[in-house]
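The structure appears right after this line, and notes come after that.
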Amino acid sequence: MKGDDQMYVVFYALAAILPISALMARRMPLRRAALLIGAWVGIFGMVAIIAGLGRAGLADRWDQVKATIRSDDQQISGGTIRIRMAEDGHFWANARINGVDRRMLIDSGATTTALSVATADAAHIARDSSGFPTMIETANGRVAADVAAADTIAIGPISARQLHVVVSPAFGDVDVLGMNFLSRLDGWRVEGKTLILSATAPAPN
């Protein structure tokens, strides 16, 4: 039984015990107490069933709310995109890689855009496996990565075509937009806790 399920069992057990103990304290006739206890058990049983059926729907609704909150962090006006700093102190962009939606960390300290294996596979990015992998420096040291190119990486109306990327299992599930993407923009800057990206036209090949 999962932790959340155990929590619900304990909650409903306590909720049922309280009215039952109150009835017993009133010392009413046994038959009447039994009828009331049965009614309470039935009520809590129905509540438990309804809650169980609704939990998946509530989880989906919460995911929608979180997605809405995330979309509010990225505002588009013409060729300008404003991205608010996340709670972790980083800037995350809602990007599209060959049409596949991903949330990408924007890192001006990364020379090259880096993709997880899962993202590269989902975006159908073919890696060059004919030779030895390239070694790149990361915050966790040197890692081996395959070299590839994304047909298109876009944030809203801003896009870069045939963008050089590196792919490695060492990146886990994090995708990073590096300087080779930012350098194709007309400009980018940080004002307070907002990252501003601007481009008057799609980035050149």
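Bear in mind that the values in this text are calculations on the coordinates, not laboratory data. Fair warning: this is a prediction, and the values are worked out from it, not measured in the lab. For neighbour counting, all protein chains shown are included, and Cβ atoms are generated from backbone atoms with ideal geometry for every residue, glycine included.
Compare the peptides 169-178, 184-193 by average per-residue count of other Cβ atoms within 10 angstrom and give them in order, highest first.
169-178, 184-193
Give me the extension gain from ASN140 to ALA86: residue separation times 0.36 nm, minus the current Cα-Cα distance, reported in nm with one decimal.
That pair, ASN140 and ALA86, stretches by 17.2 nm at full extension.
Just want to confirm a number: the relative contact order over segment 95-205, from Cα pairs under 8 angstrom separated by 6+ residues, in percent.
Over segment 95-205, the number comes to 33 percent.
For a quick protection proxy, order the peptides 150-158, 94-102 by their average other-Cβ count within 10 Å, most packed first.
So the peptides 150-158, 94-102, ranked by packing, come out 150-158, 94-102.
Let me make sure I get this right: for segment 94-146, a, b and c are the square roots of the gyration tensor eigenvalues over alpha carbons, sorted descending. Under 1.5 in a/c it's rounded, otherwise prolate if a/b > b/c, else oblate. Which is it?
oblate
Compute the projected area of the convex hull of the Cα atoms of segment 76-198, averaged over all viewing directions, and report it in nm² to one decimal place.
Averaging across all directions leaves 7.4 nm² for the Cα convex hull.
List MET85, MET135 from most exposed to least, where exposure is judged by having the fewest other Cβ atoms within 10 Å.
With the sparsest Cβ surroundings first, the list reads MET135, MET85.
Compute the distance from the alpha-carbon center of segment 150-197 to that of segment 103-133, in whole Å.
11
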